[in-house]
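Heads up: the structure comes next, in structure tokens.
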Amino acid sequence: MVSAESLRVIADEWLQSFATSLQAADVVGVASSFLPLGWLRDVLTFTWDNRSLAGRDKIAAYLQDTLLKAKVADVALDDTPGLSPQLSALNPDWVASGFTYTTSVAIGQGYFHLAKDIDGVWKAQLVFMSVMDIKGHEEAKPEQGLYEGHTRSWIDVQQERRLKIEENPYVVIVGAGQTGLIVAARFRQMNIPSLIVESSPRVGDVWRKRYPTLCLHTPRTHHPLLYQPYPQNWPIFTPRDRLADWLEHYAISQDLLVWTNSRLVPTPTFDFSAKRWTVVIDRNGNQVTLHPAHVVLATGLLGKPRYPKFANKDVFRGITLHACDYAGGHPLSGKRVVVIGAGNTSADICQDLVAQNAKSVTMVQRSSTCVVSPKSVDATITRSWPEGVPPEVSDFKYMACPLRFFRDFLGQFEKQAWDRDRDLHEGLIKAGLKLNMGIDGSGVLSLLYERSGGYWIDVGCAELISAGKIQIKQGVEPEYFTEDTLIFSNGTALPADVVIFAWVLQRHLLHNVLMFCQKSTGYQNIRQSMKETFGEDTIERTSPIWGLDEEGELRGCYRPTGHPGALEIKAAELGLVKF
């Protein structure tokens, strides 16, 4: 076992050399601090974007025109608990540590993983650098809670602040789901006046409208909200309604300004000279015109529900519905139900239908699915976000791994993943389900980032399939209806009283071109749906949403979209970036 002192010496010696090169703007020296195939992931340090560079040549090319301008200084090991020098969680033969630094305009935080090169010299396998605050405009600390010498009430102060924001918000955030609320909470601490616009009557309704048995399939350590962790006795897997109520409580406790029953009226316009939007908001039937500098879309990845076009649908005497309209299986008791799709939502719905005594339940799987057990979640997600570790520490370590690197890294353990879930998979395969272990064997996480679907984390559906209570129909496409059956591409038929569409948008990569199946259901891409609000010209200026770019960074999320007025907001407000 390597001692804590030895780990610190290794980390400190490497970091001192790395810091010397950074501070001297020595591009060759910085690049040589990495292994030949090492990675640099940078969030806003050298450019106002998120970048991942693999290999010394790409790292050097990236820094050639940016390193000198950044003026990196004050590089030091980070002694924050959980970030101080330690054995790497990725490889017990590696050394990892956090560090801190400054640039000409910012305060940054980093993390590195070191491995020995062929000569036994410690070099960086991974280095992550991220801007955390802008100098002179650091995130605010908690208020004292006493206003004007303890002469004004909080209610009066709150009302005054809200009226000021409502008159002239610097940012309008569309959507009061978890992302919109977290962004607004962060903006509040950064003194960025923000208004959230939510179409539902209550915050949290986006979850209340989902099927009743829905719960999050990742443990609570993975998704606490900013500044406000869950209580210690919170369920490990969060149920739908508890999450909805928690979001509503979060908006209140974080003092966020939310207009419910409100939506943007087509079509917002952007003044390129004034650098302001004109947006009209329908607020409870009254139209309000605002001129924010920025509009943040926090409406999720999914656009409007997409319904397939099957022949003879009008002759079908049964019920067809989209998964988003599934309100529970009780009304379908005694019915023959066909669920098209084999991902998380389909698995939950099928399991609920069995519990609610549907006469028969058939899951239709067209290609293959990655199905993993809670054991696999423990081996990956729970390991990355363990109990007792502050979420900001776990998040930071996770973000230190470029997604493309992480996919390749997880792919090394494909055999172990299959072995871990062998018992689960045997029954599914016997029942006719076709399985995969994610892209290049990397499991669920790669499918999440690159397909946003194609997997399920099992919480009971697999056992019902193995027991024959849920039938599997595999490798066929639905083609057309008769009065009481659904006919498939191979000519076979399934008697049905109810057909539920629960698959994601089917995508194929053909010669590097993304192709969409004509009979796909699921949901539109959010960009397509947003064209109805913002117009074709505005949305076409923006980049695609989700999936990984050529460097392995998420496309279109938490980074410049391509449209003016959609950059790093505080930096733009201070004139550090131009748009």
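The values are calculated or read from the model by the stated rules, or taken from the named source; none is laboratory data. Just so it is clear, the model here is predicted, and its values are computed rather than measured. Reconstructed Cβ throughout: ideal geometry from the backbone, glycine too, with neighbour counts over all protein chains shown. Calculation scope for accessible area: heavy atoms of the full protein, side chains included, ligands and nucleic acids excluded. Shrake-Rupley method; radii C 1.70, N 1.55, O 1.52, S 1.80 Å.
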> Where does the longest stretch of the chain lie that holds no GluC sites (Glu not before Pro) found in a DSSP loop with 16 or fewer other Cβ atoms within 10 Å?
Replying inline: 149-386
> How much net charge surrounds Gly475 when only other residues with a Cβ under 13 Å from its Cβ are counted (Lys, Arg +1; Asp, Glu -1)?
Replying inline: +2
> Which one of Gly454, Ser253, Gly318 has its Cα pushed farthest toward the positive end of the charge dipole of the chain, where Lys and Arg give +1 and Asp and Glu give -1 at the Cβ?
Replying inline: Gly318
>> Given a 1.4 angstrom probe, I'd like the percentage of the accessible area of the chain that is carbon and sulfur, rounded to a whole number.
In response: 53
> In percent, how large is the relative contact order of region 6-102, given Cα pairs closer than 8 Å and 6 or more residues apart?
Replying inline: 28
> Taking only Cα atoms, what is the 0 to 90° angle, nearest 10, from helix 422-431's long axis to the longest principal axis of the chain?
Replying inline: 30
> So what J values fall out for region 405-415 if you push phi through Karplus, 6.51 cos²θ - 1.76 cosθ + 1.60 with θ = phi - 60°, rounded to Hz, Gly and Pro as x?
Replying inline: 4, 5, 4, 5, 4, 5, x, 5, 10, 4, 4
>> For a quick check: with amide H placed at 1.01 Å from N, whose amide H comes under 5 Å from Met132's, ignoring anything fewer than 5 positions away on the same chain?
In response: Ile107, Gly108, Gln109
> When ranked by the protection proxy of mean other Cβ atoms within 10 Å per residue, highest first, what sequence do the peptides 487-499, 341-353 form?
Replying inline: 341-353, 487-499
> In deg cm²/dmol, rounded to 500, what helix-only [θ] at 222 nm does the chain give when every DSSP H run of at least 4 residues adds -39500 (n - 2.57) and the total is split over its residues?
Replying inline: -8500 deg cm²/dmol
>> Using alpha carbons only, how many angstrom separate the centre of region 176-227 from the centre of region 433-454?
In response: 26
>> So for the chain, averaging the separation of alpha carbon pairs under 8 Å that are six or more residues apart and normalising by length, what relative contact order in percent results?
In response: 13
> Angle between the Cα long axis of helix 240-253 and the longest principal axis of the chain, 0 to 90 degrees, nearest 10?
Replying inline: 40
>> Apply the Karplus curve 6.51 cos²θ - 1.76 cosθ + 1.60, θ = phi - 60°, to the phi angles in region 162-177 and return the couplings in whole Hz, x for Gly and Pro.
In response: 5, 4, 5, 5, 4, 6, 8, x, 6, 9, 10, 9, 9, x, 10, x
> What pairs from Lys309/Lys469; Lys71/Lys275; Lys434/Lys473; Lys58/Lys123; Lys375/Lys415; Lys209/Lys375 go past 21 Å between their alpha carbons?
Replying inline: Lys309/Lys469; Lys71/Lys275; Lys209/Lys375
>> Taking the Cα centroid of region 75-99 and of region 296-368, what is the distance between the two, rounded to the nearest whole Å?
In response: 46
>> Tell me the per residue accessible area of the chain using a 1.4 Å probe; a whole number in Å² is fine.
In response: 47
> Sorted by mean Cβ packing within 10 Å, highest first, what order do the peptides 126-137, 170-181 take?
Replying inline: 170-181, 126-137
